[in-house]
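Here the structure comes first, spelled out in structure tokens, and everything after it is commentary.
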Amino acid sequence: MTDLKSAPHRPRAGRSTPRRSSLSRALLALTTATVLSAGLAACNSSDDEPAATDSATPTATAETTAEPTLTATQQAACDGLLEAATALLDLGGSGEDGPSNEELTQIAELYRGIASGLVGEEQAAATAVAETLDEVIQTGNKLLLEDESLLGSMLAPAAAGRTVCDYAPVDFMAHETPAASADGSTEMAYMGLPDTLPAGRTSFQLTNDGEDFHEALVMKVKDSYTGTMDDLLQLDDEAMAQAADIVAATVTAPGATAATNVDLTTGRYVVLCHIPVMDGAGPDAQPKMGANGPIWHYSVGMAHEVTVS
Ligand SMILES: [Cu+2]
């Protein structure tokens with residue numbers, strides 16, 4: 001198993017800025033979030049077949065007429081899932097010591113609201129998030145924030161986005177292709193992500209059929225940024241954070257599936273995987289380094305632009 005927790009990609013540049021960029025926070029969260037993937041894999045029973053590519057066609061078209069009949073608490077939970085889409089990143093912390101008690105209280109309240117509108121495993125997961133954050137607030141033990149079961153619980157309720165909230169489903173896959181190149185590098189790509197999507201509440205579901213962890217950071221490109229996606233991917237983290245905002249994020253272990261929900265608005269989006277390519281395998285593997293630092297999955301193909309209209 002790839003132990004990214006020990007990988008030296010925690011951002012340090014953020015210290016020089018008063019507020020950490022959302023991208024830096026994403027990276028911080030992912031150093032812990034990837035650890036949770038082992039727990040997610042355990043939660044996904046082996047009879048969970050990865051989605052076939054022909055089912056990856058988004059069915060996001062004729063959703064406007066029939067509003068689902070939801071109770072008030074269900075509707076509140078569905079609204080909460082959109083907010084929770086970036087809560088994982090917020091745990092990375094907005095200060096040197098991680099998230100403040102005020103921030104933790106907000107996230108706990110968010111998950112309490114989600115829990116009250118859901119049932120079953122998704123409700124239990126949301127309740128577990130709120131209880132764990134309460135404990136962190138009471139004890140000050142922020143190590144609990146790195147517990148893989150907490151992070152798994154934070155992602156699990158997102159599945160209700162399509163089953164309860166009826167958000168338009170978009171299924172895609174993280175795929176690795178062993179390259180023919182002499183250095184044995186791997187090419188990576190998302191399969192099944194469309195080039196265009198209609199605006200509206202959308203449930204992204206990522207299935208990982210590779211051997212490494214993969215994530216989906218859904219980034220809304222700012223109107224002020226006019227470069228191409230390839231231009232964007234050349235930017236360093238700070239510059240990328242100036243060009244685009246992370247609006248949703250999820251992460252999956254090999255063989256697992258994870259969801260995230262976002263209310264898409266008109267404009268350009270880039271979905272990318274900001275996990276480093278590892279040099280070798282096993283617990284001692286280190287990120288493969290390029291001329292400008294670690295080589296990210298998005299640099300070897302795991303990025304896709306989606307235009308929302
Ligand atoms: Cu990846």
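For this structure, a couple of remarks:
- Condition met for THR207 (out of contact with any Lys or Arg (no Cβ under 7 Å at 6 or more places or on another chain) and either touching a residue at least 12 places away in the same chain (Cβ under 8 Å) or crowded, with 21+ Cβ neighbours inside 10 Å (or both)): yes
- Complete set of residues in the range 84-133 that are closer than 19 Å to LEU70 by Cβ, open to solvent by less than 60 Å² (accessible area, probe 1.4 Å) and touching a residue at least 24 places away in the same chain (Cβ under 8 Å): ALA84, ALA85, LEU110, TYR111, GLY113, ILE114, ALA115, GLY117, LEU118, GLU122, ALA126
- Taken as a whole, the range 205-226 holds at least one residue that is part of a loop (DSSP other than H, G, I, E, B) and within 19 Å of MET154 (Cα to Cα).
This table checks each residue for (1) open to solvent by 40 Å² or more (accessible area, probe 1.4 Å); (2) out of contact with any His (no Cβ under 7 Å at 6 or more places or on another chain).
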| site | (1), (2) |
| --- | --- |
| LEU235 | yes, yes |
| GLU238 | yes, yes |
| ALA248 | no, yes |
| THR252 | no, no |
| GLY255 | yes, yes |
| ASN261 | no, yes |
| GLY282 | no, yes |
| VAL308 | no, yes |
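- Here is the figure for the range 231-271: residues that are modelled with pLDDT under 95 and part of a loop (DSSP other than H, G, I, E, B) total 6.
- Which numbered condition CYS78 misses (of (1) open to solvent by 30 Å² or more (accessible area, probe 1.4 Å); (2) touching a residue at least 60 places away in the same chain (Cβ under 8 Å)): (1)
- Residues that are over 15 Å from ALA303 (Cα atoms), within 13 Å of the ligand (Cβ to nearest atom) and of a type in the set (Asp, Glu) within the range 207-264 comprise ASP209, GLU211, ASP212, listed in sequence order.
- Restricting the first member to the range 245-266 and to residues that are under 16 Å from LEU81 (Cβ atoms), and the second to residues that are among the small types (Gly, Ala, Ser) and open to solvent by 40 Å² or more (accessible area, probe 1.4 Å), the beta-carbon pairs closer than 8 Å and six or more apart or on different chains are LEU264/ALA199.
- ALA303 passes every criterion in (1) within 14 Å of the ligand (Cβ to nearest atom); (2) modelled with pLDDT under 95; (3) open to solvent by 10 Å² or more (accessible area, probe 1.4 Å) apart from (2).
- Subset tally (residues that are within 14 Å of ILE137 (Cβ to Cβ) and over 17 Å from the mean Cα position of the chain (by Cα)) for the range 77-109: 12
- Every pair of residues 6+ apart whose Cβ atoms lie under 8 Å, when the first sits in the range 297-309 and is small (Gly, Ala, Ser) and assigned to a strand (DSSP E or B) while the second is within 12 Å of the ligand (Cβ to nearest atom) and open to solvent by 40 Å² or more (accessible area, probe 1.4 Å): none
- Any hit, the range 146-169, residues being over 18 Å from VAL247 (Cα atoms), at pLDDT below 90, of a type in the set (Val, Ile, Thr) and open to solvent by less than 50 Å² (accessible area, probe 1.4 Å): no
- Condition met for ARG201 (away from the ligand (no atom under 16 Å from the Cβ), within 28 Å of GLN123 (Cα to Cα) and open to solvent by 60 Å² or more (accessible area, probe 1.4 Å)): yes
- For the range 280-299, a residue qualifies if it is of a type outside the set (A, V, I, L, M), within 15 Å of the ligand (Cβ to nearest atom) and touching a strand residue (DSSP E or B) at 6+ places or on another chain (Cβ under 7 Å), and the qualifying residues are PRO287, LYS288, PRO294, TRP296, HIS297, TYR298.
- Residue within the range 185-193 that is at pLDDT below 95, in a strand (DSSP E or B) and of a type in the set (D, E, K, R) present: yes
The values are calculated or read from the model by the stated rules, or taken from the named source; none is laboratory data. Note that the structure is a prediction, hence the values are computed from the model and not measured. Using ideal geometry, Cβ is built from the backbone for each residue, glycine included, and neighbour counts are taken over all protein chains shown. What goes into the accessible areas is simple: the full protein's heavy atoms, side chains included, and nothing from ligands, DNA or RNA. Shrake-Rupley method; radii C 1.70, N 1.55, O 1.52, S 1.80 Å.
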